[in-house]
DNA sequence: CAACTTATGTTGCATATCCCAATTTTTGGT
DNA sequence: ACCAAAAATTGGGATATGCAACATAAGTTG
């Protein structure tokens, strides 16, 4: 077949990638604009968006789509779509633990992200140090917040930086409190699955006068590769349900503070039902 | 005046505040939803949005509105809308100056952003060091790219970090080339308007074996507060039109390389006629 | 109270978007 | 080259949104 001149059409995967790229820079894209840009029909773009929306990579809107989460997200699992309400509650509750003028370290993660969003929403006057680009951007929206970002190797999976540079940087600051999430919490303590994040979390814990763990109850009983802290090293555990079983016993043997965020009204962000097929 | 019972209607200012609050938590709100929530007509919400949009507090979209700043700012968005084609051309052209395996420093800015997008799109195998969160995120999407981020004070206006920490960090790396943008280019040299960026750019220029300036022609003849480099310190100027007048003379007196990106096909952003109705 | 300003509601219509189904084109493998 | 699957286009009817002009209501001022 003879190649036609002019810009060859992008394939589906490329188009989808491009849509996500656009959404990283603009908060909203229109179906019609993208159709024109790609030289395809609006129907095609619509289909792309539907798939991306089902995958949780963006939010559909009438006439277009908006970024799934301000800033970016790419690879955060389907877990991102679950437990949104719980995470928001935890994040909001954790924000109430912060006083104006506090300095804090904020870990990267979906739950700590909600925490940062709550801080920005409430315009809390804080100085925050983080290794998460998303946290930096969300909290940076608040004119009341000062944000410092750690250096290091950029990790696409979580939109954060890791590595020795990051740890060294964090070690240079002493803060009132650190807020860290985790992939698992069991009798063995707090554990993390993502390579590189364990060191970051451990460093943050070392530098914070108060240690706040933000862990939703779905992580209870799960143990991952590397331990971030033992149970009795947990200062405060902010979660959405009381741990029970072996974990509950192990935790109650310690003197850590357990804060369960009330199940009251969740103030934002409902999940849009995926279209059935 | 006696307050009536029942849900009293919000006043205009309250409604507008509420809209902005919603947008802090959700990336997108719909006109119809808000109208129902406030018990007002869609027209009223539309009028609110129009005002807020004019004030730059949100971005209108068909059927609703999205947050004005998901990490970038209205400055950025506005500038992004202008000279898109030129910037894409410059960015793509600059990407062709990079060889696989190169290490580069990438400045924050709208033009360097396009450069990063081109690198990501073409899956170039590079190691990049940047102070721009957006550059990091966009380039981080490419599995072929390694990205390191500088530390420092987060600057919401440009979604980048600045400060002595950032400069010190950058000074620790020696790269094949640095790609920097600028707010102005005149006989006085390359100048920058944003406070804090000048030092970053100067540092990058010091660390790069090759110095590539990405400056579109709308910046020609403009002089801003702080000088980043004199004309003869420019290694390579990548732009979209040949400078003329005093600037052209000043530049041609030097031995710098001027690359004008061809006005031909734009790689992915070219607008072609969509399906007509 | 009347006149005035402002905010909001209402209506009609043009346009944009959505959804569906049938059809055509492209893709990918043998 | 051929076929089968996937992707994209086309056409059309149903809905949603935008816009502007006008009407109504609420608050302001003298």
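Structure notes:
- Per this entry, residue A:166 is not counted among residues that are free of Cβ contacts under 8 Å to residues at least 24 places away in the same chain and in a helix (DSSP H, G or I).
- Residue A:184 being crowded, with 19+ Cβ neighbours inside 10 Å and either more than 18 Å from the chain's Cα centre (by Cα) or outside the structural domain of residue A:109 (by TED's automatic domain parsing) (or both): no
- Scan of region A:172-181 for residues that are surrounded by 22 or more Cβ atoms within 10 Å (Cβ to Cβ) and not in a strand (DSSP E or B), ordered by number: A:181
- Condition check for residue A:144: more than 9 Å from every other protein chain (Cβ to nearest Cβ) and crowded, with 21+ Cβ neighbours inside 10 Å: no
- Flag for residue A:93 being surrounded by fewer than 24 Cβ atoms within 10 Å (Cβ to Cβ), more than 10 Å from every other protein chain (Cβ to nearest Cβ), at pLDDT 90 or above and part of a helix (DSSP H, G or I): yes
- Test: residue in region A:251-273 that is part of a helix (DSSP H, G or I) and at pLDDT 80 or above: yes
Table: residues versus (1) at pLDDT 90 or above; (2) more than 9 Å from DNA strand D (Cβ to nearest atom); (3) surrounded by 18 or more Cβ atoms within 10 Å (Cβ to Cβ); (4) outside any loop (DSSP other than H, G, I, E, B).
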{"site": "A:32", "(1), (2), (3), (4)": "yes, yes, no, yes"}
{"site": "A:35", "(1), (2), (3), (4)": "yes, no, yes, yes"}
{"site": "A:43", "(1), (2), (3), (4)": "yes, no, no, yes"}
{"site": "A:47", "(1), (2), (3), (4)": "yes, no, no, yes"}
{"site": "A:52", "(1), (2), (3), (4)": "no, yes, yes, yes"}
{"site": "A:56", "(1), (2), (3), (4)": "no, yes, yes, no"}
{"site": "A:59", "(1), (2), (3), (4)": "no, yes, yes, yes"}
{"site": "A:65", "(1), (2), (3), (4)": "yes, yes, yes, yes"}
{"site": "A:69", "(1), (2), (3), (4)": "no, yes, yes, no"}
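- Residue A:104 being over 16 Å from the mean Cα position of the chain (by Cα), at pLDDT 90 or above and not in a loop (DSSP other than H, G, I, E, B): yes
- Once region B:17-57 is narrowed to residues that are touching a strand residue (DSSP E or B) at 6+ places or on another chain (Cβ under 6 Å) and at the interface with chain A (Cβ under 10 Å from one of its Cβ atoms), the residue that is farthest from DNA strand C (Cβ to nearest atom) is B:23.
The values are calculated or read from the model by the stated rules, or taken from the named source; none is laboratory data. As the structure is a computational prediction, the values presented were derived from the model and not from experiment. Reconstructed Cβ throughout: ideal geometry from the backbone, glycine too, with neighbour counts over all protein chains shown.
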